[in-house]
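Let me give you the structure first, and then I'll get to my questions.
The values are calculated or read from the model by the stated rules, or taken from the named source; none is laboratory data. Since the structure is predicted, the reported quantities are computational estimates derived from the model, not experimental observations. In this analysis, Cβ positions are derived from the backbone assuming ideal geometry, glycine residues included, and neighbour counts consider all displayed protein chains. Keep in mind that these areas ignore ligands, DNA and RNA; they rest on the heavy atoms of the full protein, side chains included. Shrake-Rupley method; radii C 1.70, N 1.55, O 1.52, S 1.80 Å.
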Amino acid sequence: MTSAPADDRATMQAQGMGLAWWAKRDPHRAAIVSPKGDRTFAELNARANQLARALRARGVSAGDSVALMCGNRPEFAETINACLRIGVRMTPINWHLTADETAYILEDCEAVALVADADLGDVPRAAAERVPGVRVRLAVGGPIDGFEDYEDALGDHAGDDIDDPTLGTSMLYTSGTTGRPKGVHARPPPEPRR
């Protein structure tokens, strides 16, 4: 275990960099163990930084919305943590939804990017094609027609912590018991008092 002062934790979390704190504190500890791949805290943090840079390089900026349609795999956590540190609103989309339902959420949350799991078949492609505002499309775990490969997107981007973290938010959708699902925008808590 390396040193990461406890008082830095609140500051780093307020910037969306809570994972970076753990990566400094216990870099070699397993953060994710799954059939789709394992990540230590250091690996997970580095890949979140790479994705943050990849999204920015594709024009995604603070205040934009990124949607995530992915099964239980490391890239799910990488995407959440990348979004948390670059000030975007991240919307997870249930992977059981149809293309119509997914397109509705993509449009409603104003997604400019979609990270989707290739295991979901044609649904992410069909949904993204219906929403022209989704200009960045990344495929995880295999090809999706019209999507860029996630690993290629991370490419040579640096894995060190970004210099200018901005806390992101999330937008979750209700089950839609009264019709269409409703988006609930979770705003970040106020910064801790010192």
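With every protein chain present, what accessible area does Leu84 have (1.4 Å probe, heavy atoms only), rounded to the nearest 10 Å²?
The value for Leu84 is about 60 Å².
What residues have an amide H closer than 5 Å to that of Asp149, excluding those fewer than 5 places away on the same chain, when H is modeled at 1.01 Å from N in the peptide plane?
For Asp149, whose amide H was placed from the backbone, the distant partners under 5 Å are Ala139.
Treating only the Cβ of Lys, Arg, Asp and Glu as charged (+1, +1, -1, -1), what charge dipole size does segment 1-118 show about its Cα centre? Round to the nearest 20 debye.
The calculation lands at about 580 debye.
Right, next: Where does helix 99-108 land angle-wise versus the long Cα axis of the chain, in degrees 0 to 90, nearest 10?
Once rounded, the angle reads 60 degrees.
Taking amide hydrogens as modeled 1.01 Å from N in the peptide plane, which residues meet the under 5 Å criterion relative to Gly71, leaving out close sequence neighbours?
Asp117
Do the sum for the chain: with -39,500 (n - 2.57) for every DSSP H run of n ≥ 4, divided by all residues, what is the mean residue ellipticity at 222 nm, to the nearest 500 deg cm²/dmol?
-10000 deg cm²/dmol
Using the Kirkwood formula on the Cα atoms of segment 48-105, what hydrodynamic radius do you get, in angstrom to one decimal?
Hydrodynamic radius (Kirkwood, Cα only) of segment 48-105 equals 11.9 Å.
Suppose each label sits 7 Å from its Cα in the direction of the beta carbon; what would the Arg135-Ser34 distance come out to in nanometres?
2.9
Residues of segment 59-99: accessible area per residue at 1.4 Å, in Å²?
Computed with neighbouring chains in place, this is 31 Å² per residue.
Across the Cα atoms of segment 12-114, what radius of gyration and what greatest pairwise Cα-Cα distance (Dmax) are found, in Å?
14.2, 44
Now for a separate question. Which residue, chosen from Val60, Gln13, Ile144, occupies the Cα position most advanced towards the positive end of the dipole of the chain, where the dipole is computed from +1 (Lys, Arg) and -1 (Asp, Glu) charges on Cβ about the Cα centre?
Sorting the options by dipole projection puts first Gln13.
Restricting to the chain, what percent of DSSP beta bridges are antiparallel, rounded to 5?
In the chain, approximately 25 percent of DSSP beta bridges are antiparallel ones.
Have a look at the chain and give its Rg and Dmax from the Cα atoms, expressed in angstrom.
When restricted to the Cα atoms of the chain, Rg and Dmax are 16.5, 51 Å.
Quick one: which residues, 5+ away or cross-chain, put their amide H under 5 Å from the amide H of Met171? H built at 1.01 Å from N.
HN-HN under 5 Å from Met171: Met90, Thr91, Ala186.
As a test of the definition: which semi-axes, in Å, follow for segment 79-153 when you take the square root of five times each eigenvalue of its alpha carbon gyration tensor? Largest first, please.
Three semi-axes, in Å: 17, 16, 11.
With springs only between Cα atoms under 10 Å, which of Gly71, Gly18, Gly146 fluctuates most in a Gaussian network model of the chain?
Gly146
With axes computed from alpha carbons, what is the tilt in degrees of helix 74-85 against the longest principal axis of the chain, rounded to the nearest 10 within 0 to 90?
70
Now, a different point. Relative contact order for segment 1-121: what is it in percent, counting Cα pairs under 8 Å that are at least 6 residues apart? Write down the numbers at each step before the final one.
On the way: 177 pairs, mean separation 28.8, N = 121.
Relative contact order here is 24 percent.
Compute the helix-to-body angle for 41-57: its Cα long axis versus the longest principal axis of the chain, expressed 0 to 90° and rounded to tens.
50
Along each of the three principal axes of the Cα atoms of segment 101-143, give the extent in whole Å, ordering the values from largest to smallest.
Principal-axis extents of the Cα atoms in segment 101-143, largest first: 26, 18, 13 Å.
Assuming 0.36 nm per residue, please report the length gained on full extension of the stretch Arg9 to Ser175 beyond their Cα-Cα distance. Write down the numbers at each step before the final one.
Values: separation 166, 0.36 × 166 = 59.76 nm, distance 3.41 nm.
Between Arg9 and Ser175, full extension yields an extra 56.4 nm.
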